[in-house]
Amino acid sequence: MERIFVVEDEAKLRTELCKVLEKNGYDCVTTEDFDDVTEAILTSGADLVLLDLNLPVHDGFFVCREIRNNSEVPIIVVTSSNSDMDELMSLNLGADDFITKPYNTHILLAHIAAVLNRAYGKKESYILSHNGLTLDVLKSKASAGDKSIELTKNELGILKTLIENHGNIVSRDEIIRQLWHMEEFVEDSTLTVNVNRLRKKLADLGMAEYLVTKRGQGYMV
């Protein structure tokens, strides 16, 4: 099990992100003490660091440079800044990837898996299978038999969430939280549109009945 160190000063975001990581099979460690966060990271045995830029005491650029001066542990900068200069500085200081908030959690997980694969040769694929359907998360493709379809990031997120919870009903609110939990408001109709598009693509695979609606409750596979 890979260990991920989360450096995030907003407690709510930190807690939510750790829950997502642990649900997806990672060992998550973090800190609330930012006086010497670099030392905490270096002694944690982390396989990867998720690093915010806007931190108390020392900013993420300082932390990134200090980590890289002492370790080759992969670093993914996760920040609300969408400045090209911030991205360039992060990469020049040794970061391996740069993701802006708000982000889709499934896309973040795919980036994490890809960075871990490049660094350690692990997670060569991220494949989920259920009831005749195979989902390749890193390639954002679903297949059944000799047919395959390309998925958008939202379609991927919906299908991944349902397969991971196969046999159980997943509420609309839970799916919305999984896909857009960093955003303040998402219209309910947005999910309906994405589910309908996903249904059409599954029908193209010959699996029109794969995604089941439980009226008033949610969806399941």
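Values computed for the structure shown
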{"item": "Condition check for Asn104: closer than 29 Å to Gly216 by Cα, crowded, with 20+ Cβ neighbours inside 10 Å, in contact with a helix residue (DSSP H, G or I) (Cβ under 9 Å, 6 or more places away or on another chain) and not aliphatic (A, V, I, L, M)", "result": "no"}
{"item": "Residues of region 40-69 satisfying the condition of being farther than 17 Å from Leu116 by Cβ and under 24 Å from the mean Cα position of the chain (by Cα)", "result": "Ala40, Leu42, Asp52, Leu53, Asn54, Leu55, Asp59, Gly60, Phe61, Val63, Cys64, Arg68"}
{"item": "Selection count, region 154-173, where residues are exposed (fewer than 15 other Cβ atoms within 10 Å of the Cβ) and at pLDDT below 90", "result": "1"}
{"item": "Extreme residue, farthest from the chain's Cα centre (by Cα), among residues of region 13-39 that are under 24 Å from Asp86 (Cα atoms) and in a helix (DSSP H, G or I)", "result": "Glu39"}
{"item": "All positions within region 87-100 that are surrounded by fewer than 18 Cβ atoms within 10 Å (Cβ to Cβ) and either more than 16 Å from His111 (Cβ to Cβ) or basic (Lys, Arg) (or both)", "result": "Leu88, Asn92, Gly94"}
{"item": "In region 187-210, the residues that are in contact with a helix residue (DSSP H, G or I) (Cβ under 6 Å, 6 or more places away or on another chain) and not in a helix (DSSP H, G or I)", "result": "Tyr210"}
{"item": "Single match in Leu17, Leu55, Leu50, Leu42 (criterion: touching a residue at least 12 places away in the same chain (Cβ under 8 Å), crowded, with 22+ Cβ neighbours inside 10 Å and within 21 Å of Leu91 (Cα to Cα))", "result": "Leu50"}
{"item": "Tally, over region 116-150, of residues that are outside any strand (DSSP E or B) and out of contact with any helix residue (DSSP H, G or I) (no Cβ under 7 Å at 6 or more places or on another chain)", "result": "12"}
{"item": "Residues located in region 20-32, provided they are closer than 18 Å to Ser44 by Cα, surrounded by 16 or more Cβ atoms within 10 Å (Cβ to Cβ) and out of contact with any strand residue (DSSP E or B) (no Cβ under 7 Å at 6 or more places or on another chain)", "result": "Thr31"}
{"item": "Residue list for region 107-135, restricted to those being out of contact with any strand residue (DSSP E or B) (no Cβ under 6 Å at 6 or more places or on another chain) and closer than 20 Å to Ala208 by Cα", "result": "Ser129, His130, Asn131"}
{"item": "Residue that is farthest from Thr43 (Cα to Cα), among those in region 58-97 that are without any contact (Cβ under 8 Å) to a residue 24 or more places away in the chain and in contact with a helix residue (DSSP H, G or I) (Cβ under 7 Å, 6 or more places away or on another chain)", "result": "Asp97"}
{"item": "The one condition in (1) farther than 22 Å from Ala110 by Cβ; (2) at pLDDT below 90; (3) of a type in the set (Asp, Glu) that Glu2 fails to fulfil", "result": "(1)"}
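The values are calculated or read from the model by the stated rules, or taken from the named source; none is laboratory data. None of these values were measured; they are calculated from a predicted model. Cβ sites come from the backbone with ideal geometry, for glycine too, and all protein chains shown count toward neighbours.
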